[in-house]
Amino acid sequence: MHYLDAAMTESMRLYPPVPFDSKLAMEEDTWPDGTHIHKDSVVAYAPYAMGRMEQLWGSDCLEFKPERWLDDNGVFQPQSPYKYAVFQAGQRVCLGKELAMLQMKLLVATLVSHFTISMSSIAAASEAAADAQDAQDDDDDDDGGDDDGFKPTYEISLTHQEWSPSANSSSYSG
Ligand code: HEM
């Protein structure tokens, strides 16, 4: 269960369900670092970008590595919500975080119980996903990651969703 927590947390670091979030300043404000925010300004933070910042996560920031959330004994180590802002932080932090995590664990447990998983099938599935993704990418613009593994493509919106090539809207590749 510690590894499952780590894998889910790591998945949302790279693919946060809420990729960006904005606020409207109701009054003049000055942040602890001295930044002045004018009344009526919109201020946004982007968990999608924050999850890929080398300054926050190190040089392997683009790698999917659940182990970064585990200590030497395999125990899950949460990080500051101001660094991992997937559920926001502070007084308006997501109230459903624990329920969301529980629901995802139930989903994973339900799915896993229907499959027999072996290392060879994991390697084959990841190879097939990479081939499918390569076929979909006509341009070779790099998101900084390596070319191995499955890279979901999303439509930009308040909540992330899978992008369909038939949809007539702007999109970007994760
Ligand atoms: C992976 C799933 C979820 C993610 C990533 C997520 C993320 C967030 C984020 C970023 C906010 C801050 C929004 C803002 O104020 O700008 C938020 C707020 C909130 N979330 Fe979630 N959420 C998730 C699931 C849930 C679930 C399942 C529930 C309820 C059962 C829930 C209930 C709430 C509530 C009530 C707030 C408002 C808290 C407040 O403003 O005081 N969330 N969530």
Evaluation of L107 against (1) open to solvent by 80 Å² or more (accessible area, probe 1.4 Å); (2) modelled with pLDDT under 90; (3) aliphatic (A, V, I, L, M) (one fails), failing number = (2)
Within segment 73-94, can one find any residue that is farther than 25 Å from L158 by Cβ and open to solvent by 70 Å² or more (accessible area, probe 1.4 Å)?
-> yes
Filtered residues of segment 30-63 (kept if touching a Lys or Arg at 6+ places or on another chain (Cβ under 9 Å) and either open to solvent by 70 Å² or more (accessible area, probe 1.4 Å) or not assigned by TED's automatic domain parsing to the domain that holds F87 (or both)) = V42, A44
Residue check for K97: within 16 Å of the ligand (Cβ to nearest atom), open to solvent by less than 50 Å² (accessible area, probe 1.4 Å), in contact with a helix residue (DSSP H, G or I) (Cβ under 9 Å, 6 or more places away or on another chain) and assigned by TED's automatic domain parsing to the domain that holds D5 | no
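When you check R68 against the structure, is it touching a residue at least 40 places away in the same chain (Cβ under 8 Å) and outside any loop (DSSP other than H, G, I, E, B), yes or no? Please lay out each step first, then the result.
Working: touching a residue at least 40 places away in the same chain (Cβ under 8 Å): yes; outside any loop (DSSP other than H, G, I, E, B): yes.
Here the answer is yes, as R68 does meet what is asked.
Based on this model, can you work out whether G145 counts as modelled with pLDDT under 75, on the phi > 0 side of the Ramachandran plot and small (G, A, S)? It would help to see each step written out before you state the result.
Numbers: modelled with pLDDT under 75: yes; on the phi > 0 side of the Ramachandran plot: no; small (G, A, S): yes.
No, not satisfied.
Between S22, S11, which is in a strand (DSSP E or B) and within 12 Å of the ligand (Cβ to nearest atom)?
After applying the criteria, what remains is S22.
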Taking first residues from segment 103-131 that are assigned by TED's automatic domain parsing to the domain that holds A7 and assigned to a helix (DSSP H, G or I) and second residues anywhere that are open to solvent by 90 Å² or more (accessible area, probe 1.4 Å) and at pLDDT 85 or above, the pairs with Cβ under 8 Å that are 6 or more apart or on different chains are K105/M1
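The values are calculated or read from the model by the stated rules, or taken from the named source; none is laboratory data. A quick note: this is a predicted structure, and the numbers were derived from the prediction, not measured. No Cβ is skipped: glycine too gets one built from the backbone with ideal geometry, and neighbour counts run over all protein chains shown. Ligands, DNA and RNA are stripped out before the accessible areas are found, and what is left, the full protein with its side chains, is counted by its heavy atoms. Shrake-Rupley method; radii C 1.70, N 1.55, O 1.52, S 1.80 Å.
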